[in-house]
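Trainee: Would you mind keeping the following structure in view while I ask a few things?
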Amino acid sequence: MSGKITGGQRHASIDCAIRNLSSNGACVRLNGFYQLPEHFQLFVQREGLVRDATVMWQTNFFAGISFSGWERKIADTDFTDRNSVLNMVKSMGIAKH
């Protein structure tokens, strides 16, 4: 399932594939090698949810993450553009600065 990682110092958006999704966390496969910030938000496209996440481990293109805080439902929007995702997350007041 598709996802986007948002947050960090540059407020970048990183596409990812979400695997082994549970209520406590997930494994994400990155579309390139990125050093993820320790804390970020994960947008789960299929569910329309944003979750606060913490990196537990990371190797090459994979990372294990745990969820913290509340999940937030996002209204149906076109999330193919990374700026759309970032702006939506910022407008909800959940992007870390």
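The values are calculated or read from the model by the stated rules, or taken from the named source; none is laboratory data. Just so we're clear, the structure is a prediction, and the values are computed from it rather than from any experiment. All Cβ positions, even for glycine, are placed from backbone atoms using ideal geometry, and neighbour counts span all protein chains on display.
Trainee: Restricting attention to region 41-97, and to residues there that are of a type in the set (S, T, Y) and at pLDDT 85 or above, which single residue is surrounded by the fewest Cβ atoms within 10 Å (Cβ to Cβ)?
Mentor: It comes out as T59.
Trainee: Taking region 27-38, which residues are modelled with pLDDT under 95 and surrounded by 14 or more Cβ atoms within 10 Å (Cβ to Cβ)?
Mentor: L30, Y34, L36, P37
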